[in-house]
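To start, the structure under review is shown below, and the notes come after it.
All of the numbers you see were taken from the coordinates with simple rules; none came from a lab. Remember, it's a predicted structure, so these values are computed and weren't measured experimentally. Note: ideal-geometry Cβ built from the backbone for every residue, glycine included; neighbour counts use all protein chains shown.
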Amino acid sequence: MDNESQYSGYSYKSSHSRSSRKHRDRRDRHRSKSRDSSSRGDKSVTIQAPGEPLLDAESTRGDDRDDNWGETTTVVTGTSEHSVSNEDLTRASKELEDSSPLECRRFAGPVLSGILGLFALLTPLAFLLLPQLLWRDSLEPCGTPCEGLYVSLAFKLLVLLISSWALFLRPPRATLPRFFVFRCLLMALVFLFVASYWLFYGVRVLEPRERDYRGIVGYAVSLVDALLFIQYLALVLLEVRHLRPAFCLKVVRTTDGASRFYNVGHLSIQRAAVWVLDHYYTDFPVYNPALLNLPKSILSKKMSGFKVYSLGEENSTNNSTGQSRAMIAAAARRRDNSHNEYYYEEAEMDRRVRKRKARLVVAVEEAFTHIKRLQDDEAATSPKHPREVMDPREAAQAIFAPMARAMQKYLRTTRQQPYHSMESIIAHLQFCITHNMTPKAFLERYLTPGPTMQYQRENGRGRQWTLVSEEPVTSALRQGLVFSLRRLDFSLVVTVTPLPFLNLGEEFIDPKSHKFVMRLQSETSV
Amino acid sequence: MSFIPGQPVTAVVQRIEIHKLRDGDNLILGFSIGGGIDQDPSQNPFSEDKTDKGIYVTRVSKGGPAEVAGLRMGDKIMQVNGWDMTMVTHDQARKKLTKKGEDVVRLLVTRKSLENAVRQSMMH
């Protein structure tokens, strides 16, 4: 009952026309200010009505794709986030085509290698158990050396199991277009190895029913040793070789020129592509198509060119080329002032953004002063001031109203409004309040365009990227290689240069050799 | 005025004879010198070769005996009364110029324009 006066001011404003809004605003300002002064003494949450109308003159310019939450700030009811704008529709359709139809393709490789690994691990146990099961009576008893071998076998199997689990059994985060050469090689090696062991086992042990059990145990132990060495080889080939940096990759985004440099080791092109994409999602600022082009007002002036009339009879074949060349030459010679307009437009844009940002920062700072965290002991010891205790969500909604308009205007000026819906802003506000963040920490998300990772939705479908390359994608990186990673509306071009070879010399400086003299330039008159 | 280590220095020089002026108790010549083997040669604005540690004329007072005799700013002094000035310290140079017993100093100075003039006259 203490808040509904302010909210009613908003909601009935929205239902009337815009022209009469300004008058109503001024009246409301006086009314709500007097209301505020009376209620401030005994309530902990007060909301001040804003001093400006909701829509100013320049808000009709620009995009009006997603502004349903700013004007009708019915904060309490919270119906606005269910309206689907055009942006949401295109994004949803993009999501649908992003999902690969065969989800299982992602897991085919690891499942195969998992089966092979399991088979290889169970083989020594099978080698040990089969003679026991089949011809136990005729086996020679085997004393302490066998027990030592049992223990070492068990321990080595345990080590193999744990290290395979730690290193190799991870869900892959990318499906590569071609086979991963080293992994295939290793799997083939393991398979051949185990198969040959089984072959020998079948021929030498099972057939003639070998009685020397100690030999069989030694055979199994040698298999496990060899598996350990293959695992060492796998570790070196798959993990270690590409850790030492050898190449420098320059990644440039084609649409807005954002670029980064990365150091990688010896990788194949497809693995380097996955590596680059991992870092793309956290390093590059998000691609905002609205920020790209020069405003049309600047570019269109160039195109009002000359009209070329041809007098007399000429050949019609070379007429068109001559004409276009003449036009281009004339356009180049003409004094071109569009850079001037671009400069002033940029300056104006900067000024506008800074103004909106200042307003936003002030509004947020003020809004945060209305909220105070309730200490545990205060709740019990102040019964005479019954405050309304709110959970973070309600607190966020309560202080969102005064900053809503400033936030909306700022986002619209920086063309960020497709990325932040009202619901997401309130959720973020709730998060910040819960973790005792200052207004600056809350604003950090909106003042700078963050990396693409920040705007990802949580879905398991994955991102579809296409690797475009002139070389086969399993070949290793080398100098001068260029490949690109294409997505629907932009692509990343990657150039490979080797890191320079460093010739490090040595120079020993004796600490006693640091001596100084004064510089003399005297002039004497004679 | 090129200097090759180990070789004798060759230069085109001009003889200048300065009569000292009596000013109270001391005899003044009317110019200032800079440079010397104990000084920093890179600060010398007049030398072509910034490792040249010779004695240079840094200032010539107007109307003084040095200007009257034909000494110019930027000249390098090679000899003073027969004493060598190319490998002396700053203080030694000063002493050689301000000997109380001498009224006249005879200098051998060199400057770039001398060499150019000689070269030009040899070409014609």
What ranking do A:202-211, B:27-36, A:117-126 get when scored by the average of other Cβ atoms within 10 Å per residue, highest first? B:27-36, A:117-126, A:202-211
Among the listed pairs B:76/B:96; B:20/B:112; A:250/A:355; B:50/B:99; B:76/B:99; B:53/B:99, give every one whose C-alpha distance is greater than 24 Å. B:20/B:112; A:250/A:355; B:50/B:99
Shielding by other protein chains, B:28-37, mean Cβ within 10 Å: 3
In nm, give the distance between the simple-model label positions of residue A:330 and residue B:26, each being 7 Å from the Cα along the Cα-to-Cβ direction. 8.2
Using alpha-carbon pairs under 8 Å, 6+ residues apart, how would you state the relative contact order of the stretch A:349-448 in percent? 42
Which of the three applies to the stretch A:105-240, rounded, prolate or oblate, going by the alpha-carbon gyration tensor with a ≥ b ≥ c and a/c under 1.5 meaning rounded? prolate
Please give the Cα centre distance for the stretch A:161-211 versus the stretch A:265-294, rounded to the nearest Å. 35
Residues with amide H under 5 Å of residue A:210's amide H, sequence separation 5 or more or different chain, H placed in the peptide plane at 1.01 Å from N; which? none
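Peptide A:515-525: average number of partner chain Cβ atoms within 10 Å per residue?
Values: counts 0, 0, 2, 1, 4, 7, 11, 10, 9, 12, 12.
Per residue, the average neighbour count from other chains is 6.
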Treating every alpha carbon of the stretch A:349-448 as one equal point scatterer without solvent, the Debye formula yields log10 I(q)/I(0) values at q = 0.15 Å⁻¹ of -0.62
With an 8 Å Cα cut-off and a minimum separation of 6 or more residues, compute the relative contact order for chain B in percent. 31
Once normalised by the length of the stretch A:414-526, the mean sequence separation of its alpha carbon contacts under 8 Å that are 6 or more apart gives a contact order in percent of 13
With θ set to phi - 60°, apply the Karplus curve 6.51 cos²θ - 1.76 cosθ + 1.60 along the stretch A:157-164 and write out the HN-Hα couplings as whole Hz, x wherever there is a Gly or Pro. 5, 4, 4, 4, 5, 5, 6, 5
Using θ = phi - 60° and the Karplus curve 6.51 cos²θ - 1.76 cosθ + 1.60, what whole-Hz ³J(HN,Hα) does each residue of the stretch B:33-50 get, with Gly and Pro shown as x? 10, x, x, x, 6, 9, 9, 8, x, 6, 8, 7, x, 9, 7, 6, 9, 6
Difference of contour (0.36 nm per residue) and Cα-Cα distance, residue A:255 to residue A:497: 84.9 nm
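Please give the net charge around residue A:238, taking every other residue with its beta carbon less than 11 angstrom from that of residue A:238, where Lys and Arg add +1 and Asp and Glu add -1.
Once all neighbours under 11 Å are counted, the net charge is +2.
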Label residue A:212 and residue A:490 with points 7 Å out from Cα along Cα→Cβ: what is the distance between them in nm? 7.0
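Looking at the stretch A:398-477 from every direction and averaging, what is the projected area of its Cα convex hull in nm²?
Averaged projected hull area, Cα only: 8.8 nm².
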Cα convex hull of the stretch B:59-113, projected area averaged across orientations, nm²: 4.1
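Send over the per residue convex hull volume for chain B, Cα only, as a whole number of Å³.
Values: hull volume 14.3 nm³, N = 124.
Output value, Cα hull per residue: 115 Å³.
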Provide a whole-number value for the mean count of partner chain Cβ atoms within 10 Å of the Cβ atoms in peptide B:51-61. 1
